[in-house]
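See below for the structure under consideration.
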Amino acid sequence: MAEEVKKTATSKKSVETARKVWPYVKEDYAMAHEWKAAGKPIAWTCAMLPKELLQAMDVYPQNPEHYGVLTAMFRRGGSKDPNVVKEAVRFCKLAEEEGFASYNCGYARATIGHALTGDLKDAPLGGLEPPDMVITTSCVCDQRGKWLRYLAQKFNVPFYLIDFPERGSDLAYDMPGQRNAILPYHSSLKRGVTDIYYSPPADYEIDYVECQWRDLAKFIEDVTGHKYDQDRFNEVMDLAYKTNELRLEILEYRKAVPAPMTSADGLSVMYPGTYTSGTQRAYDFYVELRDELRQKVEDKLGVIPDEKFRMLWYGLGPWFNMALMNYFENIGGVFIYEPIYNLAPFPPRTPENPFRELALRTLQQSGGMMGPMGSLGQTVSTLVNAARDYKAAGIVLFYLITCRPVVYPVVEIGRVLEEEFGIPSTTLECDLVDERSYNEAQTLTRWDAFAEQMLKKGPVAY
Amino acid sequence: MAVEFKKWLENRHDVVKEWKEKNKKDVFGCLCCITPEEIIYAADALPVRITGSSEKLEMVDSRAPIYACPFLRSCLDLAGRGIYDYLDGVVIPNACDFTARMDYWWRKLVPRANPAQQGVELCPYVLYIKHPEKIGGEMSFNYLRGEYRIFKQHLERRRGHFKPISDDMLSNAISVYNEHYGLMEQLTQLRKRGLVSGSEAFEAEFASLLMPKNEHNELMKQYLGEVSQREPKDGVRVYLLGGGVDQISYMIYKVIEECGGNVVYEDVGVGRSYFGRKIDTSKPPLDAIIEHRLDVRCPHCITEDRFPEDRFIFARDRIEGANVKGVMWFAPLYCECRNLEYPFTRDRLKEVLNIPALYLEHDYTLEGIGQLKPRIETFMEMVKS
Amino acid sequence: MLFAGIDVGAQSVKVAVLSDNKLVFSSTTVTDEEGGVAARQALDKALVALRLPLNSLTAVVSTGIGKDGVAFATGKRTEEICHSRGAYWLFPSARTVLDVGAGGYRAMRLDNRGKLIDFANNSKCAAGTGSFLDAVTRVLDTRLEEIGTMAVSAKKRASVSSYCAVFAESEIIGNIHRGVPKECILAGVCYSVAERLAEVLHRVKIAKDIVMTGGVAQNIGVVKALEEIVGLKAKVPHEPQIVGALGAALFAEEMSK
Ligand code: SF4
């Protein structure tokens, strides 16, 4: 089996709409180039930082994080020669030579290296445009704070960090009038870990984030001269809300047996919602995806004709070789869901104070129900819930050695799923864009053994 | 080293247990500088720093991945093995992605049930403080006040009894801690005059993390009296940045001295690194503590500045007038907070102050630290002339 | 007056003897003995060759990983310092020095007076060191001396891209199984070693001229690959492996002034 893995960066598509992601991405980068050429402001930012305020204030968001993904897929100048290293490798090396340790996130190293070349245009899709400001967040990981700060320093542009306090140990004391509703996070679960609670954010936390969103609007006004306009902001917030509802609906369809869509596609269709939320384009994209999935589910059309075992994918994409995620398909194994950058319902719209609404939303997402973005206990229980909801019989854990939030819970997830739920796991151990850290022979030997185990085991009764 | 310090350094667990037995008081384990020790002290409990050890890891691998800070992994291992069972509570701030998850592991590895009301613990065994990642300004101040109020409420409800922590109790704690900060400042001045070496100063300060500050203050006064009589003696002066403070990482001070250097000031996780000033006694006590804690330049935190270069400025202010020849980083493996700051800070140090830097990474083993010696020797030789 | 430098490395001991600022003797002794003993044996050999008693040496400086074990040394200096000194003495145009030995590699930057201004070392991983090349000779069943010439004769270069020595070995084995000719694999190996070396060079910001020292500098395959990667010619002394000992001897001379 090992011989069959082709070294392609792209995976097989399980849904038609997924084919539209690439043109969507290309268009985004082309639009950024035009935007810059027209003298309009560009902000470098990141996932998990809602883009709505930027959209409403005519600031074009570009995302080094996503650009990291692109560098993993291309060689210099579009070369197909295997002796020419991938751009990610070229850039990561430059960053390492500058003194950034190789244990840092591949996205960080790749985009720092990209910036260090001094020629942003000599890179896939014409590169990122030089930023006019850098706006990042403290949530999810420490690296996005420090790495984007370095980029701001490098380009000598204003920097803004919006802090979402997160990962509470949610066993907080019931403070009168504040943390008063403590809900069992997965009370419906019968077996196993049940001691994790989700407490809604307290007022002082919401105040904190709300103030910062307002402050960010002022920051953007200062840097760009664009004026904040509440009506405009509300329009964008409306669209983002509707888009999120669609994405939640899509998740429901993805629970169907046989699975209508793979995790590889799940990771790729994340793009419009993660990086261009609050735009009509993103909304339209998910309408199409929703319709396609609805049809597939009605027609009982699965990704593979004979679905033998269903698996979760834990972690981000191995972007340098996404074909890995199709590895089990010819023996009937399919990755059905990837609980990362997990979606949660948005709080209700409050047009009279969109900043507070956004604060509440970001806090709920970063501190509460967001899988690897929450506390470790929340991450584990997210995975437990996902296994049950999506009827998974096994899980592949991406031991993402350079990403702390993904790698820290790995051992515990594997242990709890195996010991308490009898769900076996195997691992992929490397960086997500720097293929120098990947050992194919070792990985596939492990995966083959795992496949046998899965075939023997058969489906799980939930 | 004054003998009294030595006892607390070399035998830390037993000495604390003994102290606890004798004084019949609670002991809280803390991680990192940003923990508001003063509040714990005011609650009539002893805050002690959690540290690791060079012993072989026994159980942490079954719970946490190896791609993580070796210092914190060692701390967790000790917890899982019951070495920290004498603690009555554990305080964990979110000082990095790993510490932010320590609360989960600690609760799992050291399960303790405390008195509860409607299923919710009044004072959980593991207390978690979400320190803001963005520091400075009113926003983070107001936020941290919310966190500290909850923290204080927990402490007030220890063992299920309500025992309020009054402003007087807080003020009293502040005066003990202020005396400590003042004594540490004197120690720093003696270092700059070449009377106290980096390793000696570290020992003195490290002891303060493991013992009650009032007792430490007494020892300190005696110690300062002794050492101020000495003749100056010095090595090549370096400024040290790092993390994971304990008796293992302390070895770097020794190695540097063996190589002819001397750490004259530092930015590591001991109080002196960050608490250059005293707590403001003209303000309401809790507010003053918050303000003081927001001054900590923990590498996890980011200042509000639009054009941030805080790590450099912080270093520059400390180095000023200390005749520092070189700057050394001594960061644990996988410490991205330190590492991601390094290249920019290094360049600024070179451009503005013409001081070269050396980045050393350690795996938190004594052998590993020993292996760094040749590079330190070369660096000393390089910066000397 | 005579001055000696002794470089106690991971696999061999190098000796250099200076008289009147001239190199009068040099040797490389491969040994299994422990550092101090090996150093003594190597020095005795030198003295025999020069027909001189030990006390005729005015000063002896040791360097290398075993420098602390040389009890009779009158001084010791680190490898970075000694290789820089030796290389600058041989080539006053040297601004970047790259030393690649069995146990590790290091890049040094010098100013125009030969003073060390920056340096960088290899990470813990063995890839890129001389012992990695040794391991390769075992896997490929060749001799160390052949590697370079075989590599430059290759028409194509096999890919050995991993940055970890253990992974690289499994890649090499994969190449063998696929029937890739030995010289192509060796070309790939040399290239991958050179890539590691280029990394430390870039860390100190390369300036002309580059001087390469240490045993691996004798490997023409690595040198050529390195020149290709950094786009500059490297100067290689006649006996690159003794440059550290030479630098130590120069320090011995300086100490006595
Ligand atoms: S979450 Fe992980 S992969 Fe994403 S930016 Fe942070 S460290 Fe990198």
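Some values worked out for this structure:
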read-out: Alpha-carbon centroid distance for the pair the stretch A:208-238 / the stretch A:111-132, whole angstrom; value: 28
read-out: Computed [θ] at 222 nm, helices only, for chain A once each DSSP H run of length n ≥ 4 contributes -39500 (n - 2.57); value: -14500 deg cm²/dmol
read-out: DSSP-defined beta bridges in the protein assembly as shown - what % are antiparallel, rounded to 5; value: 30
read-out: Within 10 Å of each Cβ in A:141-154, the average number of Cβ atoms from other chains; value: 5
read-out: Kyte-Doolittle at least 1.6, axis length at least 30 Å by Cα - qualifying DSSP helices, chain A; value: none
read-out: Sparse-neighbourhood loop sites, trypsin sites (Lys or Arg not before Pro) in the stretch B:1-106 - DSSP loop, at most 10 other Cβ within 10 angstrom; value: B:Lys24, B:Lys56
read-out: Anchor C:Lys156: aspartates and glutamates whose Cα lies under 13 Å away (excluding residues fewer than 8 positions away in-chain); value: A:Asp81, C:Glu183
read-out: Inter-chain shielding of B:137-148 (mean C-beta neighbours from other protein chains, 10 Å cut-off); value: 4
read-out: Partner chain coverage, peptide A:205-218 - average Cβ within 10 angstrom; value: 3
read-out: For the protein assembly as shown, convex hull of alpha carbons as volume per residue, Å³; value: 174
read-out: 0 to 90° range, to nearest 10: angle between helix B:373-384 axis and chain B longest Cα axis; value: 60
read-out: Hull volume in cubic angstrom per residue (convex hull over the Cα atoms of the stretch B:24-167); value: 123
read-out: Cleavage-rule hits (GluC sites (Glu not before Pro)) in the stretch B:1-99: DSSP loop, at most 12 neighbouring Cβ within 10 angstrom; value: B:Glu55, B:Glu58
read-out: The stretch C:92-236 pair-distance distribution - Cα-Cα, 10 Å bins, rounded %; value: 13, 45, 30, 10, 2, 0
read-out: Stokes-Einstein D for the stretch B:199-271, Kirkwood Rh over Cα pairs, 37 °C, 0.692 mPa s (µm²/s); value: 247
read-out: Theoretical FRET efficiency, 1/(1+(r/R0)^6), r = Cβ-Cβ of A:Lys227 and B:Thr281, R0 60 Å, to 0.05; value: 0.85
read-out: Peptides B:300-306, B:163-169, B:329-335 ordered by average Cβ neighbours within 10 Å, highest first; value: B:329-335, B:300-306, B:163-169
read-out: Net charge contributed by nearby residues that have their C-beta within less than 12 Å of A:Gly394 (K/R +1, D/E -1); value: +3
read-out: Whole-Å distance, taken between Cα centres, linking the stretch A:276-297 and the stretch A:402-456; value: 31
read-out: Span from the the stretch C:66-109 Cα centroid across to the the stretch B:67-81 one, whole angstrom; value: 38
read-out: Estimated distance in nm for a label pair at A:Glu420 and C:Ala207, the labels positioned 7 Å out from Cα along Cα-to-Cβ; value: 6.1
read-out: 37 °C / 0.692 mPa s Stokes-Einstein diffusion coefficient of the stretch A:388-462, Kirkwood radius on C-alpha pairs, µm²/s; value: 245
read-out: Cα Rg over Rh - chain A, Kirkwood; value: 0.95
read-out: Relative contact order computed over chain B (Cα-Cα under 8 Å; 6+ residues apart), in percent; value: 19
read-out: Karplus 3J(HN,Hα) series, Hz, for the stretch B:302-310 with 6.51 cos²θ - 1.76 cosθ + 1.60 (x for Gly, Pro); value: 10, 6, 6, 3, 6, 10, x, 9, 4
read-out: Reduced Cα scattering model of the stretch A:287-366, Debye log10 I(q)/I(0), q = 0.15, 0.16, 0.17 Å⁻¹; value: -0.79, -0.85, -0.90
read-out: Distance (nanometres) between label positions extended 7 Å along Cα→Cβ at A:Lys80 and A:Glu16; value: 2.8
read-out: Hull shadow area, averaged, the stretch A:214-344 [alpha-carbon convex hull, nm²]; value: 9.7
read-out: Cα convex hull of the stretch B:1-48 - mean projected area over all directions, nm²; value: 3.9
read-out: Reciprocal of mean inverse Cα separation for chain B (Kirkwood radius, Å); value: 21.5
read-out: Under-5 Å amide H pairs with B:Ala116, H placed in peptide plane, nonlocal only; value: B:Leu122
read-out: Amide H contacts under 5 Å for A:Thr137, placed H, 5+ residues apart; value: A:Ile162
read-out: Radius 12 Å from Cβ of C:Val152, net charge of other residues (Lys, Arg +1; Asp, Glu -1); value: -1
read-out: Out-of-range pairs (alpha-carbon distance over 25 Å; input A:Lys218/B:Lys134; B:Lys350/C:Lys208; B:Lys373/C:Lys76; C:Lys115/C:Lys235; A:Lys146/A:Lys227; B:Lys7/B:Lys192); value: A:Lys146/A:Lys227; B:Lys7/B:Lys192
read-out: Distance (nanometres) between label positions extended 7 Å along Cα→Cβ at A:Thr117 and C:Arg143; value: 4.5
read-out: Hydrodynamic radius (Kirkwood) for chain C, which is based on Cα pairs only, to one decimal in Å; value: 18.5
read-out: Relative contact order (percent, whole number), the stretch C:156-257, Cα cutoff 8 Å, 6+ residue spacing; value: 24
read-out: Relative exposure of B:Phe379, B:Phe98, judged by other C-beta atoms within 10 Å (fewest first); value: B:Phe98, B:Phe379
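Every read-out reported here was derived from the displayed coordinates using simple, explicitly stated rules and does not represent laboratory data. Everything numeric in this text was worked out from a predicted model, so none of it was measured. Glycine also receives a Cβ, built like all others from the backbone with ideal geometry; neighbour counts cover every protein chain displayed.
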